[in-house]
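For reference, the structure discussed in these notes is given below.
The values are calculated or read from the model by the stated rules, or taken from the named source; none is laboratory data. In this text the structure is predicted, and so the values were computed from the model without any measurement. Don't worry about glycine lacking a Cβ; one is built from the backbone with ideal geometry, like all the others, and counts go over all protein chains shown. What goes into the accessible areas is simple: the full protein's heavy atoms, side chains included, and nothing from ligands, DNA or RNA. Shrake-Rupley method; radii C 1.70, N 1.55, O 1.52, S 1.80 Å.
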Amino acid sequence: MGPRNHSSLAEFVLLGFPRVAHIRGWLFVLLLLAYLFTICGNMLIFLVIRLDAALHTPMYHFVSILSFLELWYTATTIPKMLANLLSDKKTISFSGCLLQTYFFHSLGASECYLLTAMAYDRYLAICRPLHYPAIMTPMLCAKMAAGCWTCGFLCPISEVILVSQLPFCGYNEIQHIFCDFPPLLSLACKDTSTNVLVDFAINAFIILITFLFIMVSYGRIIGTVLKIKTIAGRKKAFSTCASHLTVVLIFFGSIIFMYVRLKESYSLTLDWTLAVVYSVLTPLVNPIIYSLRNKDLIKAIKRTIFRKGERASATQH
């Protein structure tokens, strides 16, 4: 079969999880439960922070935005994964594949920028506490959040345009659990070194620069915390950063190995594992990390639940 360009290629086939096809029923249940927990957990955190006046601070403002972002981040890939686990025809249209890739990378880039903004917020709160209220105003928080979303959605545009112009051959099986740039490039019928270089440059800039900024912020935070004389003071100061730092290490640890590399070939097993970590595991554990390690948030959740319970009782009586 001769090569054909993208205009005649109607759809791709997502292989999904071929090596565990014999237990795809159990895998569907497990992935569905993870998705439902992710949706419920992040929605709970978002609503509690928005409804509880005690949490209307810059730190929780960013946490609520992160939870809101995770809702869309998981919705980009997991529903299609679930559908493919139940269907024998695991297809996705060419335009649908490009859209999934675009939104997945846009939201991923937005999360990189948002985690950086959260690190800057913690740096100001701990290293410059006297100036913090004057600097981190509600207006600045809103501008930073808007900037994170805007920059995130602008970043992958050039990559998507370059991929959309590639000629594709008759073989259309994407050896991945969702549409992404590396497996798409492997199906092209021409040299993709330019695409690989552009992907590497953009990913390296977004991921490495934001991660470096976060690490510098935490380096200064740790230096300031160590100067606190009392153990209780040091513990209290760093407890506000522990949850965020844990999320940063899990998220960046997986995407750095996945996207900051100059090669067209890749290990399927490694990429599937990393893809599950940053597309499923990270959004799943975020609500657990932020709720279990944050006493104020736990109290706010209890207040919200009890308040609704009291209102329901009053309505019945």
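Remarks
- Using the rule -39500 (n - 2.57) for each DSSP H run of four or more residues, divided by the residues of the chain, the 222 nm mean residue ellipticity is -24000 deg cm²/dmol.
- Computed FRET value (nearest 0.05) for residue 200 with residue 228, which takes r as the C-beta separation and R₀ as 51 Å: 0.80
- The residues 222, 228, sorted by heavy-atom accessible surface at 1.4 Å with ligands and nucleic acids left out, run 222, 228 from largest to smallest.
- Kyte-Doolittle mean at least 1.0 and Cα axial length at least 18 Å: DSSP H helices in the chain: 24-51, 138-154, 209-226, 231-259
- Share of carbon and sulfur in the accessible area of region 83-212 stands at 71%, probe radius 1.4 Å.
- If you wrap the Cα atoms of the chain in a convex hull and average its projected area over all directions, you get 20.0 nm².
- Across 90/302; 229/302; 90/190; 229/299; 80/235, pairs whose alpha-carbon gap is larger than 32 Å: 90/302; 229/302; 80/235
- Accessible area (Å², per residue) of region 11-107, counting only protein heavy atoms and a probe of 1.4 Å: 46 Å²
- Cα gyration tensor category, rounded, prolate or oblate, for region 160-202 with a/c compared to 1.5: oblate
- Exposure ranking of 144, 118 by accessible area [1.4 Å probe, largest first]: 144, 118
- Of the residues 56, 244, 61, the one with the largest accessible area comes first in the ranking 56, 61, 244, computed with a 1.4 Å probe on protein heavy atoms.
- Two-site FRET efficiency, residue 135 against residue 51, from Cβ-Cβ distance with R₀ of 30 Å, rounded to 0.05: 0.70
- DSSP-loop trypsin sites (Lys or Arg not before Pro) across region 70-126, with at most 13 other Cβ within 10 angstrom: 89
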